[in-house]
Amino acid sequence: MTTEKFAHKIRYYTIDMIIHMGFGHIGGALSIVDCLAVLYAPKEGLLKIDPKHPRWDERDYFVMSKGHAGAALYATLASRDFFDLKILHTLNQPGTILPSHVDRLKTPGVDMTAGSLAQGFGASVGIAIGARLKNKNQKVYCIVGDGELNEGQCWEAIQVAAHQKLNNLIVFVDDNKKQLDGISSDICEAFDFVQKFDAFGWNAIRVDGHDHQQLREQILKAHEQSKPTVIVMTTIKGKGIEFLENINDHHLRIDTDEKQELLNNAKKYYAKKAEL
Amino acid sequence: MIVQENIIDNKEIRTACLDGIIEIAKKDDKVCFIDTDLVASSGSGVFQKAFPKRFFNIGIMEAEAISMAAGLGVTGYKCFVHSFAPFASRRCFDQAAVSSAYTDIPIVILGTDPGITTAYNGGTHTTFEDIAMFRSLSNTKVFDICDSVQMYAIIKELGQNMKGLNYVRFARRPSRKIYQDEMSFEIGKGIMIREGIDICIFASGAMVSQALDTADILKSQGKSVRVIDLFTILPIDKDIIIKAAKECKHLVALDNHNIRGGLGSAIAEVLVAHHPVKLQQIGAESFGQVATFAQLLDIFAWTGDKLAKKILKAI
């Protein structure tokens, strides 16, 4: 399956989950779908994983540091048969294995618990060190939010990764330029992430986070590096649903018939694109 | 006899700690050590020398040290993480709570020089809150260590069977040796180091020595004093507390910690639920300050004679 088609599938299931739940972090989930597709697509995806053995000792690791975007990861993992697609409708329900923020003890395929921001990023540095100690050529991928980079601990992790020359660590910044209270630069100007990571000793590049070819190329280039890589993804929060792309709604609540209809239309659109 | 009479501990507690960790690391290649620009203080250079690949001095980053340890845990490694007690607790509590305890990734946090053992480092470094913080977490064990014998035994036990979050607070340098070398310890079990029925003093860590001094003075005044070392504060030894409450006329808890949430609070919770009797809680009710350890004992009125007076007054 092409990564593009797999992205349609992830979008379909992400939208379906949020419609079923009635609310959720859909904007920040949709902005990283293309990155997830490039990593997780069957055959064409770059991650070394075995859905039948989620804790396979030789797998590549993936950490969703922006843990609230769990819905997109769940849609991805279910689409790769880590668990049954039917479980997606239990998102955020009492007793679910799919909590609002990712949890390694609850969901097959989730490598690290996240939700207290920056800790996933911080842990991925430890995972990369552990993977290197094991000497099995395992990669560690981590998605961090641009708002999440407000957190001081991220910059601790960035320093340690650079000092340790963790060339098996590839971090994606979901630079959708919006966070809970609105436009990120209105809250705390981040300046240029590429310059900042570069100054901290990383291999840093910016890509269009919805362009699969760019993402794939830069991930493969990162594998040749002697230092950690950050791929700053210019993304659109809510990517793939027009009305969502233009609003500042971090926690979308489907509280009008109009929103319901727009989401249903989007769902149908992606079902067709994904040939579901 | 468990207790040695006024013998200076020739071995530093930190040395016993590292000895124990190295012992485990020789048998288990998954054991790592993370220090936070305090190698000279913890003495962890010996681990670095023995196992350079499994040693990380990451700089002054306590929060990242914990998350990094958790990450190493994801790949099967087991980390000991060191910082001074205030930074090993207050500074990285959320990381410890979420990345280790909640996520069930085994880590041992070593918090050195808690309470007034911080001495010249003063009030900013005086940790009177760490027990309260870690005691409130599930899937966590909390230890307050009194001498090198106890340290070595507990570290070996924790390292061989590391589960969940473990917080171990201890003074780097000891006051006196409490236990004989062959002494064994069971996690979650307190130790009665003096028998008596008039007064029972519960203590842990640096306060065990103070409790013994106090017991000596009270004994000279005709009181029979029981002293119990509750080195495991979480889980607390309910049985030894309830037994003491039934058998002794007056109960005292000594805390090298704020009286809110420390050892005394842990004992009080057991008493209220199982055998409600009065408990005299002695501990800090302010922040710390700069002085030698001996001077701070005097300032806080935690010397044997001042404690004895306070206890007699309360009876």
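Which of the helices in chain A, when you take each full DSSP H run, stretch at least 18 Å along the axis at their Cα atoms and have an average Kyte-Doolittle score of -0.5 or higher?
Values: long enough: A:3-21 (27 Å, -0.17); A:119-134 (22 Å, 0.68); A:257-273 (24 Å, -1.88).
Those that clear 18 Å and a mean of -0.5 are A:3-21, A:119-134.
Taking the Cβ-Cβ separation of residue B:180 and residue B:53 as r and a Förster radius of 35 Å, what is the calculated FRET efficiency to the nearest 0.05?
About 0.45, to the nearest 0.05.
Could you tell me what % of all Cα pairs in chain B have separations over 29 Å?
Value for chain B (Cα pairs over 29 Å): 31 percent.
Taking just the alpha carbons, could you work out the radius of gyration and Dmax for chain A, both in angstroms?
Both quantities, over Cα of chain A: 17.4, 54 Å.
May I ask for the angle, rounded to the nearest 10°, between helix B:148-160 and the longest principal axis of chain B, with both axes built from Cα atoms and the value confined to 0 to 90°?
Helix B:148-160 sits roughly 50 degrees off the main axis of chain B.
Please list the non-local residues whose amide H lies under 5 Å from the amide H of residue B:231, H modeled 1.01 Å from N, same-chain partners needing a gap of 5 or more.
So residue B:231 has HN proximity to B:191.
So for chain A, taking the charge dipole from beta-carbon charges (+1 Lys/Arg, -1 Asp/Glu), which of A:155, A:27, A:56 sits furthest toward the positive end?
The one lying farthest along the dipole's positive direction is A:56.
Taking H placed 1.01 Å from N in the peptide plane, check which residues at least 5 places from residue B:202 or on another chain put their amide H under 5 Å from its amide H.
B:228, B:252, B:253, B:254
If you place +1 on the Cβ of every Lys and Arg, -1 on the Cβ of every Asp and Glu, and leave all else neutral, what size is the dipole of chain A about its Cα centre, to the nearest 20 Debye?
It comes to approximately 1000 debye.
Can you tell me the dipole magnitude for region B:1-119 around its Cα centre, using point charges on the Cβ only (Lys, Arg +1; Asp, Glu -1), in Debye to the nearest 20? Don't skip to the answer; put the middle values down first.
Numbers: 11 positive and 14 negative charges, 68 e Å.
In debye, rounded to 20, region B:1-119 gives about 320.
Quick one: Cα centre-to-centre distance for region B:1-61 and region A:198-249, in angstrom?
Each part reduced to its Cα centre gives a spacing of 42 Å.
Counting each DSSP H run of 4 or more residues in chain B as -39500 (n - 2.57), what helix-only mean residue ellipticity at 222 nm follows after dividing by all residues, to the nearest 500 deg cm²/dmol?
For chain B, the value works out to -10500 deg cm²/dmol.
Local charge sum around residue A:82 (other residues, Cβ-Cβ under 15 Å, Lys/Arg +1, Asp/Glu -1)?
Once all neighbours under 15 Å are counted, the net charge is +3.
In a shell of Cβ-Cβ distance under 14 Å around residue B:106, excluding residue B:106 itself, what net charge do Lys and Arg (+1) and Asp and Glu (-1) give?
Charge balance near residue B:106 sits at +2.
Before anything else, pin down the relative contact order of chain B: Cα pairs under 8 Å, at least 6 apart, normalised by residue count, whole percent. Walk me through the intermediate numbers first.
Values: 696 pairs, mean separation 58.4, N = 315.
The value is 19 percent.
Hey, what angle do you get for helix B:207-220 against the long axis of chain B, alpha-carbon based, 0 to 90 degrees rounded to 10?
Roughly 20 degrees, rounded to the nearest 10.
Put +1 on the Cβ of every Lys and Arg and -1 on every Asp and Glu Cβ in region A:152-276; which of A:235, A:271, A:168 then has its Cα farthest towards the positive end of the dipole?
A:168
Please report the Cα spread of region B:223-315 along all three principal axes, rounded to whole Å, starting with the longest.
The Cα atoms of region B:223-315 stretch 40, 30, 18 Å along the principal axes, largest first.
Using a Gaussian network model on chain B with a 10 Å cutoff between Cα atoms, which of B:161, B:57, B:139 fluctuates the most?
Maximum fluctuation in the GNM of chain B, among the listed residues, is at B:161.
Can you sort A:20, B:257, A:101 from fewest to most other Cβ atoms within 10 Å of each residue's own Cβ? Please report the intermediate quantities before stating the final value.
Values: A:20 15, B:257 30, A:101 19.
Ascending Cβ contact count within 10 Å gives the list A:20, A:101, B:257.
What does the net charge come to around residue B:63 if you take all other residues with beta carbon closer than 12 Å to its beta carbon, with K and R at +1 and D and E at -1?
Values: positive: B:90, B:91; negative: A:151, A:156, B:62, B:64, B:94.
Charge balance near residue B:63 sits at -3.
How far is the Cα center of region B:105-169 from the Cα center of region A:1-63, in Å?
Computed from Cα coordinates, the inter-centre distance equals 41 Å.
In what sequence do B:44, A:31, B:136 fall when counting other Cβ within 10 Å, fewest first?
Numbers: B:44 25, A:31 32, B:136 13.
With the fewest neighbours first, B:44, A:31, B:136 line up as B:136, B:44, A:31.
What number results when the radius of gyration of the protein assembly as shown, computed over Cα atoms, is divided by 2.2 N^0.38 Å?
1.10
Is the C-alpha gyration tensor of region B:1-137 telling us rounded, prolate or oblate? Criteria: a/c under 1.5 is rounded; beyond that, a/b larger than b/c is prolate, otherwise oblate. Could you put the intermediate results ahead of the total?
Working: a/c = 1.58, a/b = 1.13, b/c = 1.40.
Cα axes put region B:1-137 in the oblate bin.
Quick check on chain A: helices-only [θ] at 222 nm, where DSSP H runs of length 4 and up contribute -39,500 (n - 2.57) each and the sum goes over total residues. Nearest 500, please. Walk me through the intermediate numbers first.
Values: 11 runs with 113 residues, N = 276.
Estimated from H runs of four or more residues: -12000 deg cm²/dmol.
What are the residues whose amide H is under 5 Å from the amide H of residue B:57, where those residues sit 5 or more places off or on another chain and H is modelled from the backbone?
Under 5 Å from the amide H of residue B:57 lie the amide H atoms of B:35, each far enough along the sequence or on another chain.
To the nearest 20 debye, what is the magnitude of the charge dipole of the protein assembly as shown about its Cα centre, counting +1 on the Cβ of each Lys and Arg and -1 on the Cβ of each Asp and Glu?
1080
For each of A:154, B:17, count neighbouring Cβ atoms within 10 Å of the residue's Cβ, then give the residues from fewest to most.
Ascending Cβ contact count within 10 Å gives the list A:154, B:17.
Just list whichever of A:48/A:273; B:163/B:243; A:134/A:239; A:86/B:141; A:196/A:237; B:156/B:313 have alpha carbons separated by over 31 Å in the model shown.
On the way: A:48/A:273 26 Å; B:163/B:243 29 Å; A:134/A:239 38 Å; A:86/B:141 39 Å; A:196/A:237 22 Å; B:156/B:313 42 Å.
Pairs exceeding 31 Å: A:134/A:239; A:86/B:141; B:156/B:313.
Each reported figure results from applying straightforward, stated rules to the coordinates on display, with no laboratory input. What you are looking at is a predicted structure, and each value in this text was computed from that prediction instead of being measured. Quick reminder, even Gly has a Cβ in these numbers, built from the backbone with ideal geometry, and neighbours come from all protein chains shown.
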